[in-house]
1. Inspect region A:177-190 for any residue being at pLDDT below 90 and β-branched (Val, Ile, Thr) and give the result as yes or no.
2. Which of the residues that make up region B:288-300 are open to solvent by 80 Å² or more (accessible area, probe 1.4 Å) and either modelled with pLDDT of 85 or more or within 17 Å of B:Asn271 (Cα to Cα) (or both)?
3. Take the residues of region A:20-31 that are buried (at least 18 other Cβ atoms within 10 Å of the Cβ) and within 24 Å of B:Leu5 (Cα to Cα): which is farthest from the other protein chains (Cβ to nearest Cβ)?
4. When you check A:Arg129 against the structure, is it part of a helix (DSSP H, G or I) and open to solvent by 50 Å² or more (accessible area, probe 1.4 Å), yes or no?
5. Condition test on B:Arg312, is it touching a residue at least 24 places away in the same chain (Cβ under 8 Å) and surrounded by 14 or more Cβ atoms within 10 Å (Cβ to Cβ)?
6. Of these, B:Gly232, B:Gly305, B:Gly309, which one is on the phi > 0 side of the Ramachandran plot, within 37 Å of the chain's Cα centre (by Cα) and either at pLDDT below 65 or of a type in the set (Gly, Ala, Ser) (or both)?
7. Among the residues of region B:3-19 satisfying the criterion of being more than 7 Å from every other protein chain (Cβ to nearest Cβ) and not small (Gly, Ala, Ser), which is nearest to A:Ser40 (Cα to Cα)?
8. If you take the residues in region A:17-35 that are small (Gly, Ala, Ser) and more than 23 Å from B:Leu11 (Cα to Cα), which one is modelled with the highest pLDDT?
Amino acid sequence: MESIELAAPGGDLSIWALFWQAGWVVKLVMIGLLGASIWSWAIIIDKWLSFARMRVALNRFEQVFWSGQSLEELYRSLSDRKTSGMGSIFVAAMREWKKSFEKGARSPLGLQTRIDKAMDLALTREMERLESKLGFLASVGASAPFIGLFGTVVGIMTSFQAIAGSKSTNLAVVAPGIAEALLATAIGLLAAIPAVIAYNKLTADAGNIASRMEGFADEFSAILSRQIDEKVAPKARAVEEYA
Amino acid sequence: MRAGLATSVTLHAVLIGFGIVSLQAPRAFEVADVEAFPVDIVPVGDISQVQQGEKEAPVATRPTPKPTQRQDPVENAQKVGEADTDLKPPPTPEAKPRPVEQASEPPPSPKPQPKPVEKPVETPQEAKAEEVPVPTPEREPEPQPRQEVKPNPAPEPLVAENAEGESVKLPPAAPVPQARPQPPKPQIAKAPERKEAEKPAAEQKQASRATKDDQVLDQVAALLNKEKASGGGAKRSTEQAALGASQATSGDKLSQSEMDALRAQIERCWNVPAGALDAENLRVSVKFKLDPSGAVEGRPEIIEGGGSGVARAAAESARRAVLQCAPYNLPSEKYSAWADVIVHFDPTDMF
């Protein structure tokens with residue numbers, strides 16, 4: 001165990017000095033928490049931007065989709081581009097539709113299921129991409145206070161050991177060690193609070209976007225189902241006539 | 001993601017930088033420096049009631065001061081010393097004569113201004129040294145100058161200047177007024193000390209004649225006074241010194257044994273009335289005054305008990321007891337403690 005020097009009473013008590021006087025365990029905890037805070041803020045900013053972008057994309061796509069434009073044309077314009085959100089769901093569904101029709105669909109029921117499956121897959125992928133790294137925010141929000149508390153406990157423990165060594169119970173001797181240890185909890189809370197708030201906000205936003213995309217997928221599925229019926233029904237009638 | 005990370009790092013850097021710059025050590029609470037100091041309660045008896053002895057001697061059971069060289073006993077001497085009679089001032093070493101010699105030397109030297117500081121200090125010593133051993137011859141002329149000095153302060157400086165020019169003897173007193181520009185103050189301070197020196201000045205008649213008289217007086221005093229100018233007592237001691245003060249201070253309180261002695265003395269004379277033997281609650285308190293010789297002054301006063309019948313008989317018997325044993329043998333130095341005595345008589349204690 002390395003010896004711990006207590007801050008001289010009335011010495012430098014600025015944040016930097018407190019950090020510098022701390023033991024290596026506490027320092028490690030503080031640095032780790034600072035890293036977690038930086039990373040969680042990076043995620044928050046990234047997600048916030050991507051969600052905003054996604055919302056814009058959704059709006060624009062919906063506008064285009066309901067503008068009465070031919071789906072074939074829309075598919076052609078989107079298929080060679082990198083798409084996201086509703087666009088990718090639309091592209092996935094249209095690709096499946098095209099493949100089925102190019103090779104000649106045998107059953108309209110099978111086609112419907114396949115298209116639904118493809119859209120589900122695209123939706124899941126989109127949501128996965130949307131919600132990736134939000135888990136980190138959740139863990140930071142849940143565990144950063146505990147990590148900070150751990151740093152504080154270790155810091156107070158060592159400072160009490162030092163106080164026992166110095167054989168003085170003067171508050172001026174006791175206080176700096178405790179203040180330095182409490183800095184770890186402060187940093188932990190500093191990292192955890194924005195993470196928790198952002199996590200709640202971002203998951204709610206992601207849920208919003210997901211429900212919008214699901215709604216679109218359902219609608220598009222309904223449209224395609226109608227189309228399938230319209231395309232397959234004459235065939236079926238013809239078959240009946242032949243029989 | 002890269003944009004987010006970059007933004008986050010910048011944000012944290014800014015925040016930490018701001019924290020380091022602005023979140024300096026918080027201002028310390030301004031608390032008045034109140035230091036607790038321990039208080040011990042020490043019985044004052046240790047200080048006020050000390051036996052006679054030496055301050056640096058080992059503790060001994062018997063109070064014995066430092067052994068003296070002379071062994072001839074002196075009656076009623078309280079202070080230990082080598083003197084013939086008990087003297088009030090403490091024994092002083094041979095330091096006294098020296099300043100007198102120094103005082104007489106400076107006058108001829110022509111330095112009036114630097115000296116005044118020394119002279120006022122030395123002249124009183126001279127006066128004291130001469131005063132103590134010879135009380136009678138000097139006391140007579142003293143009262144006159146004192147009365148006369150106070151009403152007219154102005155003539156003093158004038159005479160002082162004259163004296164400086166006139167004689168060699170006078171100068172010790174002369175520079176004093178020069179050093180003090182305020183006339184009334186030095187008078188109040190100096191009047192008792194200057195006695196001999198100022199006498200002529202105050203009288204304002206013939207300064208030189210007065211001083212001559214004084215010189216004669218001094219010579220007479222010197223002849224009369226064979227005793228050393230030092231004080232000291234006349235009590236002799238032969239044994240090794242014990243821890244104590246130069247003088248025994250017994251304190252005001254009667255010691256337990258002295259109280260017991262008083263109680264026993266009164267009890268011996270107390271005839272409890274026969275009827276009171278079985279009567280409980282026949283307590284009687286008697287208050288009486290004693291004079292320094294130990295005799296009862298006036299009539300003992302019954303302050304408690306003695307209501308009627310047996311009780312009155314008991315009270316009377318108590319009063320009789322006090323009067324019968326009359327001259328009480330109590331330490332005279334504690335007279336203030338036993339000038340007024342209240343004695344409680346309780347028949348149940350007797351049997």
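The values are calculated or read from the model by the stated rules, or taken from the named source; none is laboratory data. Keep in mind that this is a model prediction, so the values were computed, not measured. A quick note on method: Cβ atoms are made from the backbone with ideal geometry, for glycine too, and the neighbour counts reach across all protein chains shown. With ligands, DNA and RNA removed, areas are computed over all heavy atoms of the protein, side chains included. Shrake-Rupley method; radii C 1.70, N 1.55, O 1.52, S 1.80 Å.
1. Looking through region A:177-190, at least one residue is at pLDDT below 90 and β-branched (Val, Ile, Thr).
2. Step one: list which residues in region B:288-300 are open to solvent by 80 Å² or more (accessible area, probe 1.4 Å), which gives B:289, B:292-293, B:297, B:299.
Matches in region B:288-300: B:Lys289 only.
3. In the first step, residues of region A:20-31 are kept if they are buried (at least 18 other Cβ atoms within 10 Å of the Cβ); the result is A:21-23, A:26, A:29-30.
Of the ones still in play, those that are also within 24 Å of B:Leu5 (Cα to Cα) are A:29-30.
Numbers: A:Val29: 16, A:Met30: 11 Å.
Checked region A:20-31; the qualifying residue farthest from the other protein chains (Cβ to nearest Cβ) is A:Val29.
4. Working: part of a helix (DSSP H, G or I): yes; open to solvent by 50 Å² or more (accessible area, probe 1.4 Å): yes.
Yes; evaluated as a whole, the condition is true for this residue.
5. So B:Arg312 does not fit the description; no.
6. B:Gly232
7. The selected residue is B:Thr10.
8. A:Gly23
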